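Reading through the structure tokens given below for one structure.
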Amino acid sequence: MSKYEALKENLGGLGNVAVAFSGGVDSTFLLKVAHEVLGDKVLALTAASKFVPQRELDAAKKFCAENKIRQLIFEADVLKIAGVKENPVNRCYLCKRALFESFLRLAGDKILIEGTNTDDTSDYRPGMKALAELKIKSPLREVGLSKSEIRELSREVNLPTWSKPSMACLASRIPYGDELTAEKLSRVEAAENFLVDAGFNQLRVRVHGNLARIEILPEDFERAIKLREEISGRLKELGFAYVTLDLQGYRTGSLNIEVAK
């Protein structure tokens, strides 16, 4: 049995599900397959918060509307979750625990599932502990699907997200121990929106005080240098005093280096 067929069998056995849906590659694929298998027994649950760019929320809404999937969006004031604003190394655990407790309440008698894949066990991800504590099911991981396999299957079923850049919450742009504020998060969102609109694909804008450290793919370095005045000018308008290009390029979890030591 293929992993895809195993996933459909897994979901069919659940019968009535609520999908924690962010609009990213993994949760979109999971929601699509769940809806294919279970139809109207599927509910998409989406959290709107300061940690999620508006363009991501808009994309999630559009996907559900186009595919006639029932979606419930709730406002999550993540900065009021105890401990989150202080941005400790277990911030993701604190946030995910609170969010998924809300998801469980909203799911009612439905089984709550989410889109973790096998690759998610390879980095520092304290949020995984919250999922385990709350006994949240992760069907993609359970059938052994990796990120690359999910992208390929998404392409085969014509999902527009198959080549979508990897996304992480905006708080991941700010080093642990630096206080999280709505203003900082909004600045990051605006900076990344500018770069996306300028044609850059996979990227992060990491914030170190009044310095913006831009991570893009190495193949985009030359174009970034050509646009350095526009990029620097816009990010300075947003309040950054210094704008740098990280020569190591884009990579996930670059702010986890200190945690891993």
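The values are calculated or read from the model by the stated rules, or taken from the named source; none is laboratory data. Note that this is a predicted model, so its numbers are computed, not measured. FYI the Cβ positions are ideal-geometry reconstructions off the backbone, even for glycines, and counts take in every protein chain you see. The protein model used for the area step is the full one, side chains on, heavy atoms only, and it has no ligands, DNA or RNA in it. Shrake-Rupley method; radii C 1.70, N 1.55, O 1.52, S 1.80 Å.
In Å², what does the accessible area per residue of the chain work out to with a 1.4 Å probe?
Working: 12630 Å² over 261 residues.
Ligands and nucleic acids excluded, the result is 48 Å² per residue.
What relative contact order, as a whole-number percentage, does the range 15-75 give when Cα pairs under 8 Å and 6 or more residues apart are counted? Present the calculation step by step, with values, prior to reporting the outcome.
Details: 80 pairs, mean separation 23.5, N = 61.
Reported as a whole number, the value is 39 percent.
What share of Cα pairs, in percent, lie more than 30 angstrom apart in the chain?
On the way: 9781 of 33930 pairs.
Taking all Cα-Cα pairs of the chain, the fraction more than 30 Å apart is 29 percent.
Within a Cβ distance under 11 Å of LEU140, other residues only, what is the Lys/Arg minus Asp/Glu net charge? Before the final figure, lay out the partial values.
Working: positive: LYS3, LYS137, ARG141, LYS147; negative: ASP26, GLU114, ASP119, ASP120, GLU142, GLU149.
Residues close to LEU140 contribute a combined charge of -2.
I'd like the distance separating the alpha-carbon centroids of the range 200-259 and the range 116-189, in whole Å.
If we compute the Cα centre of each part, the gap is 21 Å.
Mean separation of Cα pairs under 8 Å and 6+ residues apart, divided by the residue count of the chain: what relative contact order is that in percent?
On the way: 388 pairs, mean separation 46.2, N = 261.
18 percent.
Could you size up the charge dipole of the range 1-103 around its Cα centre, putting +1 on the beta carbon of Lys and Arg and -1 on that of Asp and Glu, and report it in debye to the nearest 20?
On the way: 15 positive and 12 negative charges, 37 e Å.
Charge dipole, the range 1-103, about its Cα centre: 180 debye, nearest 20.
First compute the accessible area of the range 83-216 with a 1.4 Å probe, then give the percent of it belonging to carbon and sulfur atoms. Let's see the in-between values first.
Details: 3010 of 5820 Å².
Answer for the range 83-216: carbon and sulfur cover 52 percent of the accessible area.
Mean residue ellipticity at 222 nm from the helices of the chain, using -39,500 (n - 2.57) per DSSP H segment of n ≥ 4 over the full residue count, to the nearest 500 deg cm²/dmol? Each step should come with its number before you reach the end.
Details: 11 runs with 113 residues, N = 261.
Value at 222 nm, helices only, nearest 500: -13000 deg cm²/dmol.
Lys/Arg Cβ at +1, Asp/Glu Cβ at -1, dipole of the chain taken about the Cα centre: which of VAL196, VAL143, ALA224 is farthest positive-ward?
Farthest towards the positive end: VAL143.
Using the scaling law 2.2 N^0.38 Å as the reference, what is the normalised Cα Rg of the range 132-210?
Computed over Cα atoms of the range 132-210, the ratio equals 1.42.
Suppose every Lys and Arg Cβ carries +1 and every Asp and Glu Cβ carries -1, with no other charges. What dipole size does the chain come out with about its Cα centre, to the nearest 20 debye? Could you put the intermediate results ahead of the total?
Working: 39 positive and 37 negative charges, 71 e Å.
Dipole magnitude for the chain comes out near 340 debye.
Give the lysines reachable from LYS110 as a straight Cα distance under 21 Å; neighbours fewer than 8 places away on the same chain don't count.
Partners found: LYS8, LYS32, LYS41, LYS61, LYS68, LYS96, LYS135, LYS137.
Taking 0.36 nm per residue of sequence separation and subtracting the Cα-Cα distance, how much length would be gained by fully extending the chain between LYS68 and LEU134, in nm to one decimal?
Values: separation 66, 0.36 × 66 = 23.76 nm, distance 2.90 nm.
So the chain would gain 20.9 nm between LYS68 and LEU134.
Calculate the translational D of the range 75-122 in whole µm² s⁻¹ from Stokes-Einstein, where the hydrodynamic radius comes from the Kirkwood formula applied to all Cα pairs, the temperature is 10 °C and the viscosity 1.306 mPa s.
Numbers: Rh = 12.2 Å.
After rounding, the answer is 130 µm²/s.
I'd like to know which of VAL42, LEU211, LEU99 lies farthest towards the positive end of the charge dipole of the chain, counting +1 on Cβ of Lys and Arg and -1 on Cβ of Asp and Glu.
LEU99
Kyte-Doolittle cut-off -1.0, length cut-off 15 Å along the helix's own axis using Cα: show which whole DSSP H helices in the chain pass.
Result, helices passing both filters: 3-14, 25-38, 54-66, 91-107, 182-197.
To the nearest µm²/s, what D does Stokes-Einstein give for the range 1-97 at 20 °C and 1.002 mPa s, using the Kirkwood radius over alpha carbon pairs as Rh?
146 µm²/s
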